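Take a look at the structure set out below.
Values in this text are rule-based calculations from the coordinates and carry no lab data. Keep in mind that what you see is a predicted model, and the values were worked out from it rather than measured. Here the Cβ positions follow ideal geometry from the backbone for every residue, glycine too, while neighbour counts run over all protein chains shown.
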Amino acid sequence: MSTTRSTTAGQQHADRPSAVSRATTRTLETVRDDAGQVTSVVRRTTLPSGLRIVTEQMAGARSASLGVFVGVGSRDENPRTHGASHFLEHLLFKGTAERSALDISIALDAVGGEFNAFTAKEYTCYHARVLADDLPVAVDVLGDMITGSLIEAPDVDAERDVILDEIAMHDDDPDDVVQNLVAALAWGEQSPLGRPIAGSTASIEAMTPRQIRTFYRRHYTPANTVVAVAGALDHADVVRAVRVAFARNGWLEDAAAPAPGRGAGPRRRPALSEAEGRVERPFEQVNLVVARQGLHRDDERRYALGVLNTALGGGTSSRLFQEVREVRGLAYSVYSFASQYADAGLVGVAIGCLPERTDEVLRVVREQLQIIAATGITADELARGKGQLIGGMILGLEDNGSRMMRLGKNELVHHEVVGIDDVIARIEAVTVEQVRDVAADVFTRPEILAVVGPAGADSPAGR
């Protein structure tokens, strides 16, 4: 398989979201098989309003996946609007001037389409998958939702109760509780990164339709939005359909810049302090997260950290799985993670164990982190880590939905789409020394410990 990239990284960054005088289109990547046949083509068009349309035309596909990515998430909220991004995600399905909530559902159900949405810390995504011939329908429906949501008071009140139920559901899930706790300990409850994405009971109960409409108008702008499509498609046809669907209400005439603080430029990297917290819940297990400050998403060391994370706790051959579960039988679930944001990140280990094993589990995990910080990983672990990362990435991109997600997220948060072969090359280039250096850095930083479990369980072990 061969790959041709028609632009350099510098040229790609020239298309960062901003108002431009005319539409510009570039072919970012062309992939051919061993016989020289084109298997996929990635193109990007930037409209005068700043709206970006990124597509991947895939040979042999019979369906298409569409995603509309808006650069707003829970970290763009203040205490009064905490949960507004997630609230909006719900409300955009409730109706426009052209379609009721039922009409929106019928439009895609009638063609066998699938559609949904989700909110993250730094963006919101509305996505659909349909047969190739029905892609214009999906574009029209999502375009109508993004540009013409009514956000009426009765819908706000009805959806408020749904979200309060969702918050209660998360509060009953030990994984959600411990992840929310470690975020609050790491970033602080007054920081947007430290607050739950869904909002709090108090913030959702207090939020008004006017606040939500203001938040909607401020953040749902063309220059803050990416439309990504992958599968059976023609790029020019997609661009034409988007131009029509998103022109409602004069939306494409709005050339407003992205929300303050989310564009390019230097950011203050928050330094985390040692912290420990416990939440009592009547669960059968204790859930633990042992975390450290990680890397922000543009840190060049992120590929070395990815290999390190895989070797440490990314599979059944990883150090933590072998040491904690296979050798000692201390826990059923143990894994490591690395989350990265524009100016911050966390790395850590999550474990679920019986309450009486809390102290021993913490001792073993801390020992393993100290060892890997001091000595790094072996050459065999490096090879396995690279193989697992690359294999997982390629297998995950077998369907057009995954490819659409990759296109949209990379364009929105990185302002470029890095080719799969380029990513593989960057992973392959990681050395044992680079992994050792990043391990020595992140795993000697102050520890953040979050513990969720039943009352009366052993207290966390001292350091």
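Within the range 341-446, none of the trypsin sites (Lys or Arg not before Pro) combine a DSSP coil assignment with at most 15 other C-beta atoms in a 10 angstrom radius. For the chain, the longest principal axis of the alpha carbon atoms and the long axis of helix 153-171 meet at an angle near 20°. Here the residues GLU274, GLU89, GLU323, ranked from fewest to most Cβ neighbours within 10 Å of their Cβ, fall in the order GLU274, GLU323, GLU89. Under 15 Å between alpha carbons, and skipping anything fewer than 8 positions from LYS121 in its own chain: which aspartates and glutamates qualify? Of all the aspartates and glutamates, those that pass the test against LYS121 - Cα under 15 Å, at least 8 places apart if same chain - are ASP76, GLU77, GLU89, ASP176, GLU189, ASP343. Per-residue Karplus couplings for the range 202-209, computed as 6.51 cos²θ - 1.76 cosθ + 1.60 with θ equal to phi - 60°, are listed in order as 5, 5, 6, 5, 8, 6, 9, x Hz, Gly and Pro entered as x.
Here the 3J(HN,Hα) profile of the range 237-248, calculated from phi with Karplus coefficients 6.51, -1.76 and 1.60 at θ = phi - 60°, is 5, 4, 4, 4, 5, 5, 4, 6, 5, 9, 7, 4 Hz, Gly and Pro shown as x.
Each residue of the range 384-398 is assigned a 3J(HN,Hα), and the resulting list reads 5, x, 5, x, 5, 4, 5, x, x, 5, 5, 4, x, 9, 6 Hz, derived from the Karplus form 6.51 cos²θ - 1.76 cosθ + 1.60 (θ = phi - 60°), x at Gly and Pro.
Counting only DSSP H runs of at least 4 residues, each contributing -39500 (n - 2.57), and dividing by the residue count of the chain, the helix-based mean residue ellipticity at 222 nm comes to -11500 deg cm²/dmol. The range 85-160 and the range 340-369 have Cα centres separated by 38 Å. By the rule of a C-alpha distance below 15 Å, with chain neighbours fewer than 8 residues away ignored, the aspartates and glutamates paired with LYS94 are ASP103, ASP144, GLU152, ASP155, ASP157, GLU159, ASP161.
Over the Cα atoms of the chain, the radius of gyration divided by the Kirkwood radius equals 0.98; this is the Rg/Rh ratio.
So, with +1 on the Cβ of K and R and -1 on the Cβ of D and E, and no other charges, what is the size of the charge dipole of the chain about its Cα centre, to the nearest 20 debye? Using Cβ point charges on Lys, Arg, Asp and Glu, the chain gives about 1480 debye. Taking other residues whose beta carbon is less than 13 angstrom from the beta carbon of VAL111, and scoring Lys, Arg as +1 and Asp, Glu as -1, yields -4. Applying D = kT/(6 pi eta Rh) to the range 275-453, where Rh is the Kirkwood radius over alpha-carbon pairs, T corresponds to 10 °C and eta to 1.306 mPa s, the Stokes-Einstein value obtained is 92 µm²/s.
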